[in-house]
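Note sheet for the following structure.
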Amino acid sequence: MKRAVVYATLATITFIVFVLTISLQSIGEGEMAFGGKEDIAFANKTWQAMAGYDKWPMKSAVYPGESPHGKFLRLYYNIVNVDKKPYHVIIKDNFGGEDATLEKVSESPKKYLAAVTVMVQREAGYDPDNNDWFWVKYKADGTVDKNPMGMALAGRVGKGMDAGCVPCHSKAQDNDCFFTNDKKM
Ligand code: HEC
């Protein structure tokens with residue numbers, strides 16, 4: 001092979017590798033619907049801001065839940081400050097366990113707590129299609145949970161996908177992504 005051809009081939013390969021690297025990077029850094037660094041940071045700050053939420057006065061009793069949330073649930077509401085800005089926060093404790101009963105969970109909720117799912121209403125424009133909710137699923141110890149693909153469950157979770165908080169909650173009545181107010185008591 002002529003030297004010029006070798007150089008041209010090498011240059012082409014280098015160029016292709018370069019373009020691939022750049023595009024992979026931009027996919028990684030591009031705006032993801034959820035699970036990005038900022039989403040996780042906001043989720044961690046929210047967890048700190050809601051410390052002691054189990055003693056908030058606005059909370060429900062423990063009640064039997066529906067799929068996909070726990071066997072038993074409890075709701076909490078408050079306004080919390082994150083970075084000195086106030087946000088409406090709705091928390092749902094999800095309880096489970098082989099021997100979980102309404103009585104046992106009500107008596108020792110910490111023992112049966114399986115996950116904490118939270119909706120935080122963000123600034124107008126955060127996600128106008130879905131009432132600007134930020135979604136997060138924490139494990140019982142407050143770390144942000146991940147889906148089977150390893151994506152952190154914080155942000156517009158599931159937006160544009162078949163499954164996740166957003167596609168399911170967007171089926172709630174009146175476009176508020178909120179189920180509890182659909183129940184006619
Ligand atoms: C397959 C559907 C579905 C998915 C997925 C889902 N939810 Fe829910 N969620 C519900 C239903 C139904 C309720 C009402 C359950 C009840 O209170 O009995 C609910 C209730 C809630 C509530 C209480 C407020 C309300 O809307 O009534 C919060 C908070 C919540 N979910 C957070 C989340 C978060 C965060 C995620 C994702 C990590 C998530 N949910 C995923 C169906 C879903």
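General remarks:
- Overall Cα dimensions of the chain - principal axes, largest extent first, Å: 83, 39, 31
- Applying 1/(1 + (r/R0)^6) with r as the Cβ-Cβ distance of Ala124 and Gln48 and R0 = 25 angstrom yields a FRET efficiency of 0.55.
- Rounded if a/c under 1.5, otherwise prolate or oblate - region 82-122, Cα gyration tensor axes: prolate
- Annotation for Ile79 and Glu107: the two label points, set 7 Å from Cα along the Cα-Cβ direction, are 3.9 nm apart.
- Top positive-direction residue, dipole computed over the chain with Cβ charges, set Gly164, Tyr7, Tyr112: Tyr7
- In a DSSP loop and with at most 13 other Cβ atoms within 10 Å, the GluC sites (Glu not before Pro) in region 41-147 are Glu66, Glu98, Glu123.
- Over region 69-142: Rg over Rh, Cα atoms, Kirkwood Rh: 1.07
- Relative contact order %, region 33-182, counting alpha carbon pairs below 8 Å whose residues are six or more apart: 21 percent
- The longest stretch of the chain left intact once loop-based trypsin sites (Lys or Arg not before Pro) with at most 13 other Cβ atoms within 10 Å are removed from consideration, loops following DSSP, is 85-170.
- Nearest-ten-degree value, helix 3-29 long axis tilted from longest Cα axis of the chain: 10 degrees
- Difference of contour (0.36 nm per residue) and Cα-Cα distance, Lys37 to Val5: 7.0 nm
- Solvent-accessible area assigned to carbon and sulfur over the chain amounts to 60 percent, based on a 1.4 Å probe.
- Each other residue within a Cβ distance under 15 Å of Gly158 adds +1 if Lys or Arg and -1 if Asp or Glu, for a net charge of 0.
The values are calculated or read from the model by the stated rules, or taken from the named source; none is laboratory data. What you see is a predicted model, and the numbers here were worked out from it, not measured in a lab. Every residue, glycine among them, receives a Cβ derived from its backbone with ideal geometry; neighbour counts consider all protein chains shown. Accessible surface areas use protein heavy atoms only, side chains included; no ligands, DNA or RNA. Shrake-Rupley method; radii C 1.70, N 1.55, O 1.52, S 1.80 Å.
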